[in-house]
1. Pick from the range 104-121 the residues that are farther than 30 Å from Glu179 by Cβ and within 17 Å of the chain's Cα centre (by Cα): which of them is surrounded by the fewest Cβ atoms within 10 Å (Cβ to Cβ)?
2. Kindly indicate whether any position in the range 183-197 is within 26 Å of Arg131 (Cβ to Cβ) and either acidic (Asp, Glu) or in contact with an Asp or Glu (Cβ under 6 Å, 6 or more places away or on another chain) (or both).
3. Looking only at the range 49-65, filter to residues that are surrounded by fewer than 16 Cβ atoms within 10 Å (Cβ to Cβ) and not charged (D, E, K, R); which one of those is nearest to the chain's Cα centre (by Cα)?
4. Based on what the data block shows, is Glu151 assigned to a helix (DSSP H, G or I), of a type in the set (D, E, K, R) and without any contact (Cβ under 8 Å) to a residue 12 or more places away in the chain?
5. I'd like the full set of residues that are touching a residue at least 40 places away in the same chain (Cβ under 8 Å), under 18 Å from Arg125 (Cβ atoms) and crowded, with 21+ Cβ neighbours inside 10 Å, limited to the range 66-91.
6. Give me a count of the residues in the range 154-178 that are closer than 15 Å to Pro198 by Cβ, not hydrophobic (A, V, I, L, M, F, W, C) and not in a helix (DSSP H, G or I).
7. Regarding Val79, is this residue in contact with a Lys or Arg (Cβ under 9 Å, 6 or more places away or on another chain) and within 26 Å of Phe141 (Cα to Cα)?
8. Check off (1) modelled with pLDDT of 95 or more; (2) more than 22 Å from Leu161 (Cβ to Cβ) for Gln106 and give me the number that stays unchecked.
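The values are calculated or read from the model by the stated rules, or taken from the named source; none is laboratory data. None of the values given here were measured: they were computed from a predicted structure. With ideal geometry, Cβ positions are generated from the backbone for all residues, glycine too; neighbour counts draw on all protein chains shown.
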Amino acid sequence: MFASIQGEGPSAGTPSVFVRLQGCAVGCAWCDTKYSWNAAGGRATTLDALLAEVKAGAASNVVVTGGEPLEHPALGPLVAGLKGLGLRVEVETAGTELPPPVAVDQWNVSLKLAHSGVPEARRLRPAAIARFRDLGAWFKFVVGAEQDVDEVLLIQARYGLPSARVLLMPLGMRREEQEALMPAVVEWCRRHGFRFSPRLHILLWGPRRGV
């Protein structure tokens with residue numbers, strides 16, 4: 001758990017407390033939090049202790065992330081506890097699991113493209129994507145070349161994703177990579193009616209943990 005600003009997506013720049021849940025079976029090649037893949041990693045705590053830490057973080061927005069938080073058995077009780085504190089809750093997910101019936105204010109779904117190295121059958125689950133779409137989720141795609149944008153367009157058409165809910169973000173874990181790609185990504189967004197998202201945490205701190 002740490003306090004920072006939301007680095008990407010429609011809430012970019014918002015002061016937030018982050019709660020990172022362990023465990024992820026998706027396994028993207030360019031994941032910047034591979035330490036969260038091991039479900040037995042992290043630190044053990046109780047729900048009450050975690051909620052007290054979040055409250056002490058003094059931010060009204062909480063981002064539950066991972067790993068893949070939808071794989072974690074504590075997601076439901078955690079969201080319920082956060083809402084009980086009167087907090088706004090965002091959940092970051094790869095969109096490979098059906099969302100549970102929890103009171104999430106904003107679903108941020110980062111669907112993986114072919115360059116992630118994840119087989120399509122594991123990264124694109126039609127029932128889950130359709131449910132997130134119907135819940136009004138935001139769909140984020142990390143792109144590094146025009147062929148990636150072509151793939152986004154195919155996914156958008158296949159699953160009926162509204163252009164206004166699609167965000168493109170530059171691929172790369174270093175500030176220099178982000179700065180080099182941003183003009184092209186902005187142009188692709190302009191051309192296709194998508195929304196551009198910076199990756200502020202990389203621009204500010206690079207591939208550091210807990211920021």
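1. Of everything passing the filter in the range 104-121, Asp105 is surrounded by the fewest Cβ atoms within 10 Å (Cβ to Cβ).
2. Yes - at least one qualifying residue is present in the range 183-197.
3. Just the residues of the range 49-65 that are surrounded by fewer than 16 Cβ atoms within 10 Å (Cβ to Cβ), to begin with: 49, 52-53, 55-56, 58, 60.
Checking which are not charged (D, E, K, R) leaves us with 49, 52, 56, 58, 60.
Details: Ala49: 25, Ala52: 24, Ala56: 24, Ala58: 22, Ser60: 18 Å.
In this case the residue turns out to be Ser60.
4. On the way: assigned to a helix (DSSP H, G or I): yes; of a type in the set (D, E, K, R): yes; without any contact (Cβ under 8 Å) to a residue 12 or more places away in the chain: no.
No: the conditions fail for Glu151.
5. Answer for the range 66-91, where residues must be touching a residue at least 40 places away in the same chain (Cβ under 8 Å), under 18 Å from Arg125 (Cβ atoms) and crowded, with 21+ Cβ neighbours inside 10 Å: Gly66, Gly67, Glu68, Pro69, Leu75.
6. Going residue by residue through the range 154-178, those that are closer than 15 Å to Pro198 by Cβ are 167-178.
Filter again for not hydrophobic (A, V, I, L, M, F, W, C), leaving 170, 172, 174-178.
When the remaining residues are screened for being not in a helix (DSSP H, G or I), the result is 170, 172, 174.
Final tally of qualifying residues: 3.
7. no
8. Result: Gln106 fails condition (2) only.
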